[in-house]
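Trainee: Pasting in a structure now, in structure tokens, and then I'll have a few things to ask.
A short reminder: the numbers here are calculations on the coordinates, not readings from a lab. Everything numeric here is computed off the predicted structure, so don't read it as measured data. No Cβ is skipped: glycine too gets one built from the backbone with ideal geometry, and neighbour counts run over all protein chains shown.
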Amino acid sequence: MDRLPTLFVSHGAPTFALEPGTAGPLLTKVGQAIERPRAVLVFSPHWMTRSIMVGTAEAPSTVHDFGGFPESLYQLQYPAPGHPELARTAADLLLAAGHPVKLDVNRGLDHGAWVPLRYLFPSADVPVFQVSMPATLDAEAAWRLGETLSPLSSQGVLILGSGSLTHNLREFRQAHSNNEAYVGEFVQWIRAAVTAMDQNLLVHALSRAPHGERAHPDADHFLPLLVAAGAAAHGAAVDVMQGGITHGVLSMESYLFGVPAVAA
């Protein structure tokens, strides 16, 4: 098996599971185009722990970790199997890099995992496991974390950072009806830094990009992008998936590192 690409996905609001817009079909196209993985490793801000934990469940449950949304969302299931063996391989890589790691045999898949995976692999037949986000993670450490996990890409693991290219929850709750101009300006800056694979710009993006602090009052949904980029092969081509903007403030743009022109 060749080295697999890595992927950053904007999972948006949980309603993305019911309203795919343009982003859902793009993810489905990616899932059809890339080599079938042995497993998917998901790094999501919706599993945050004091130190790193790795999910080793054989049959992870579907976790509905949100409130106040349509009842139909809580009925959705994503019954993908886990992959305890590859999860332990990920834990070994993290331990070798000096990270304290614990295994969690009961952890299910949070919505940062199963919502985009419903489009990426709709049959739920590709094994999935998660690695938690350390609560103290910063941008430089997120990039290094991706580098640490990078060898898994040569072992058939698709490394997926699931976050949101913009994530201002206060503005989301205000239900903006029109796309805010600042979102487009921020996205264009990030897109240029990503396609150039400029590590220095990306790890300092929230202080240097226009409207960085407004786009991300907290960094948690931006850091998965840095994990995915850090895990990518050196010199990897970047495929931009322009998924549009939902709720006026949530960019659904995603990036595939390593396989060009999949979403063209």
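Trainee: Determine how many Å³ per residue the convex hull of the Cα atoms of the chain encloses.
Mentor: Taking only Cα atoms, the chain has a hull volume of 113 Å³ per residue.
Trainee: Out of the stretch 1-66, which chymotrypsin sites (Phe, Trp or Tyr not before Pro) are coil in DSSP terms and have no more than 16 other C-beta atoms within 10 Å?
Mentor: PHE66
Trainee: Determine the distance separating the Cα centre of the stretch 43-71 from the Cα centre of the stretch 115-132; give it in Å without decimals.
Mentor: 12 Å
Trainee: By how many nm would the segment from ARG208 to GLU140 lengthen if fully extended, with 0.36 nm per residue of separation less the alpha-carbon distance?
Mentor: The ARG208-GLU140 span can extend by a further 23.0 nm.
Trainee: Calculated FRET efficiency, GLN174 and SER72, Cβ-Cβ r, R0 22 Å, to nearest 0.05?
Mentor: Result of the calculation: an efficiency of 0.40.
Trainee: Just TYR78, TYR119, TYR182 to compare: in a GNM of the chain, with alpha carbon springs under 10 Å, which one fluctuates most?
Mentor: The residue that fluctuates most here is TYR182.
Trainee: Also, I was wondering about something else. How high is the relative contact order of the chain? Use alpha-carbon pairs under 8 Å, at least six apart in sequence, and give a whole percent.
Mentor: Relative contact order for the chain comes out at 32 percent.
Trainee: Could you calculate the FRET efficiency of VAL240 with SER61 from 1/(1 + (r/R0)^6), where r is the beta carbon distance between them and R0 is 22 Å, rounded to 0.05?
Mentor: Efficiency computed from Cβ-Cβ geometry: 0.10.
Trainee: Right, here's the next one. What FRET efficiency comes out for GLU35 versus ARG88 if R0 is 22 angstrom and r is the Cβ-Cβ distance? Round to the nearest 0.05.
Mentor: E between GLU35 and ARG88, to the nearest 0.05, is 0.45.
Trainee: Continuing with the same structure: Report the extension gain between THR22 and ALA124 in nm, rounded to one decimal, defined as 0.36 nm multiplied by the number of residues separating them, less their alpha carbon distance.
Mentor: Using 0.36 nm per residue and subtracting the Cα-Cα distance, I get 34.6 nm.
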